[in-house]
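Step one of this worksheet: look at the structure below.
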Amino acid sequence: MQRKWVIHTSCAVFAMAMPQLAAAQDRPAGSDYNDGNDIVVTASKRAEKLQDVPAAITAVSSEKIEALGIRDFRDYATLVPGLSQRDSGAPGLGSIILRGLNSGPQQVSNTTAVYIDETPFTASGFLSAGALLTPSPELAEVERIEVLKGPQGTLYGASNLGGLVRIITKKPDLSTFSGMAGGEVSTVAHGEMGFMVRGSVNVPIVKDQLALTATGYYRRAGGFTDNVQTGSEDVNRSNLYGGRVALRYAPTSDFTIDLSGIYQNIENLGYSLQTLVPGSFDPAFEKYAYSSFADLGSEIKYRIVNANVEYRVGIGTFTASGSYARYKSRTETDATATYIPVARAVLGPIAETTFGVPIDTLLPANSKARFLASPNMEKWTGEVRFASDRLGPVEFMVGGFYTNEDNIYYTTVFAHDAQGKLRTAPFDQLVKATTTSRYEEIAGFGNLTFYLSDTLDITGGLRYAHNKQVAGTGGPGGITYYLPRTPRIFDFSDNSLSYLATLRWRPARNISAYLRAASGYRPGGPQTNPTPPPGAQTFVRPDTVWNYEAGIKGSVLDGALAFDISAFHIDWKDIQLNSLVNGIILQGNAASATVDGFELQLTARPSDLLTVSISAGHTDGKIKAIDPLASSATGARAGDKLPLTPSWTTSLIIDHQLPLGSSMTGNVGATLRFQSDMPATYPALDPSRQQKLPDVTTVDLRASMTFDERFTAQLRVDNLFDKLGFTNVTIDGANLIRPRTISLGLSTKF
């Protein structure tokens, strides 16, 4: 009997980079076969079946986003082998890490890039401090999330040493009026209630030619941590709200114009933090509690506009894209333990001679300190490219890229009195620094694929990029421990080449094997110390990676088992690290590292109703060599593991469809996530700090019912056993995973 696949929304296959099963056109005419996994991605900037892309890619479909209740970056990061985060305890904060490419707490520029459609969403500049933020757009109108592993320098340029996260939005439907509305309520253990409301509508303005889509949402993530010093409960609640508007115009089948705009605000009123007994993971007060002299939080505002034009000609497709992206952010934390003792030590000997008051008047011992970090970016980007069809034995792509990025990074340490009140001027600011930078890049890129046969082909790619940077430090009123800081301007320019080579073999339509070598870079920049000591670098070079990888994708048993296996080796050179030069902390190219690993993803369909997906990843990243000056500043030693990347990650997703009648379907499912222990930092950085984050295993359960293919009710229990898990360490505590959360959602389509 011919196998028939019926995959409903509530149990759609989690793509997990699984290769496509045999395409429908390869089946006999009239066959009712539907493999349900014929995923098309645009990771290579041309539409291709996921199986045919000679690279490791994980694709998370919109159906699976809804089925699993994915809301934030961490929700899908724990399901993607090789993807992790330096978590800062609130939505929108932290550094994204792919394949272990992370140099530690001092890293402030990106090693992983994020795109929304054709818009670069992350900063590229050396002084941008972009790694402090993790973009967390609303996923209601997302078609899929593509995670491209390994450097993507030839097609995507700078700052994706470990890889790239692409969020692909749904495009307006030109022919059919439709919409959706939904809501959700949730309750979190040890905390409070949360909720979400959202809706979208698609309106064909001129049938088959012009359509508009509009989406809006508001989400309250309930808090669960308490501030014992202020007495506030559940302080880490978050409000996320915004919307998206998209317009598509297609006057002919060969010509399409897409316009879109995204508006998002993220307001975090506290942090998922627990203060610990030094050197242990025992709570200093109680579980889910920390101490801060004030309820401090963060705010992030994103604005994005994009225009994209595609024109199909006889031998290929022209694409032109332009975008504007802006973010503003403020993150405040209690820095009393870090800054007050140091400031008193620095100012003590000079308090009376310089300021005419004793140190206890200038800065009493019981003073408090509030640290403000505020990276802000404005970025214009344009790209034009032509992607050919296969022309006999060859196909090619050629294009040009330009970006102009302005960054302002404010850092201020405010002084408060013993009761937490801001001190009066001029004693209200301990440290104030403003770094402005402009990053301008122009690049050309291209690749060529030569088909040795219908089953064997080779690809070569190249990208040449030139960037210019102008940086300024200090600014009006700039002070360091009450002492004036002179404004300075610094110039920098550099050129970079990125390479790509692949060999792909497709012995059968449902099997693809490949070898891949690719390089990438993170821009260098100017050394901004106005009087660098002897031996210091006057500019910092780009750090570079080479990624060597082998993989195989395919399906067997008439599509009942799909697999994707890859193994890789990465060489990371000229790593940008802090160095201690004559008592001064400066950036420099100071180390090299290697990363070895493999990733395995399986999807099994033992029956028409049951789907089982398994993923596993192993990552072993180590410092290979390091300059002694950088070792003194960072605590890193040769042989140390790169921090915050678990050696092993595993996930198991099970979904079972329940046919309940002619107009009703149901689904039950479960997700198991395992993350092994991992180094929190370099061992010598702070021997009293927790050195290794414990492993964590969580289980999620879900059930849903759909009526008349329009109305859906879903119940989810995330972190069923209420595991206490740690994601990152701070100076006196650790960030936490969300406790057991029960959510009930209702939605309708029309």
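The values are calculated or read from the model by the stated rules, or taken from the named source; none is laboratory data. Source: prediction; values computed, not measured. Here Cβ is always computed from backbone atoms with ideal geometry, including for glycine, and neighbour counts include all displayed protein chains. Accessible surface areas use protein heavy atoms only, side chains included; no ligands, DNA or RNA. Shrake-Rupley method; radii C 1.70, N 1.55, O 1.52, S 1.80 Å.
Which residue is surrounded by the fewest Cβ atoms within 10 Å (Cβ to Cβ), if the candidates are limited to the stretch 86-126 and must be in a loop (DSSP other than H, G, I, E, B) and of a type in the set (A, V, I, L, M)?
V108
Among the residues of the stretch 636-674, those identified as in contact (Cβ under 8 Å) with a residue 60 or more places away in the chain, part of a loop (DSSP other than H, G, I, E, B) and not hydrophobic (A, V, I, L, M, F, W, C) are P643, T645, P646. Screening the candidates Y410, Y402 for the property of being under 31 Å from the mean Cα position of the chain (by Cα), modelled with pLDDT of 95 or more and either within 21 Å of S519 (Cα to Cα) or open to solvent by 60 Å² or more (accessible area, probe 1.4 Å) (or both) yields one hit, Y402. Scanning the stretch 127-153 for residues that are under 24 Å from Y464 (Cα atoms) and open to solvent by 10 Å² or more (accessible area, probe 1.4 Å) turns up L127, Q152. Summed over the stretch 677-733, the residues that are open to solvent by less than 30 Å² (accessible area, probe 1.4 Å), hydroxyl-bearing (S, T, Y) and closer than 23 Å to T645 by Cβ give a count of 4.
Those strands (runs of 3 or more DSSP E) of the stretch 255-327 in which at least 2 residues are among the β-branched types (V, I, T) and modelled with pLDDT of 95 or more, considering only elements entirely within it, cover 255-268, 298-313.
The lone criterion from (1) open to solvent by 10 Å² or more (accessible area, probe 1.4 Å); (2) at pLDDT 90 or above left unmet by P533 is number (2).
Scanning the stretch 303-323 for any residue that is under 19 Å from T230 (Cβ atoms) and either touching a residue at least 40 places away in the same chain (Cβ under 8 Å) or among the basic types (K, R) (or both) turns up nothing.
Yes or no, residue by residue, for (1) surrounded by fewer than 16 Cβ atoms within 10 Å (Cβ to Cβ); (2) without any contact (Cβ under 8 Å) to a residue 40 or more places away in the chain; (3) of a type in the set (D, E); (4) under 14 Å from S232 (Cβ atoms):
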site: I262; (1), (2), (3), (4): no, no, no, no
site: G270; (1), (2), (3), (4): no, no, no, yes
site: L276; (1), (2), (3), (4): no, no, no, no
site: G279; (1), (2), (3), (4): yes, no, no, no
site: A284; (1), (2), (3), (4): no, no, no, no
site: A289; (1), (2), (3), (4): no, no, no, yes
site: S298; (1), (2), (3), (4): no, no, no, no
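What about K379, is it crowded, with 17+ Cβ neighbours inside 10 Å, within 26 Å of Q107 (Cα to Cα) and basic (K, R)? Yes. Checking the stretch 68-85 against the condition returns no match, with no residue being modelled with pLDDT of 90 or more, in contact with a Phe, Trp or Tyr (Cβ under 7 Å, 6 or more places away or on another chain) and aromatic (F, W, Y).
Filtering the stretch 547-572 to residues that are surrounded by fewer than 17 Cβ atoms within 10 Å (Cβ to Cβ) and within 15 Å of K622 (Cα to Cα) leaves H569, D571.
Looking at this structure, is K432 of a type in the set (D, E, K, R) and open to solvent by 10 Å² or more (accessible area, probe 1.4 Å)? Yes; evaluated as a whole, the condition is true for this residue.
Within the stretch 81-112, the residues that satisfy the criterion of being within 27 Å of N239 (Cβ to Cβ) and of a type in the set (A, V, I, L, M) are L83, A90, L93, I96, I97, V108. Does the stretch 237-254 hold any residues that are part of a strand (DSSP E or B) and open to solvent by 30 Å² or more (accessible area, probe 1.4 Å), and which are they? Residues satisfying the conditions are Y241, V245, L247, R248, Y249, P251, T252.
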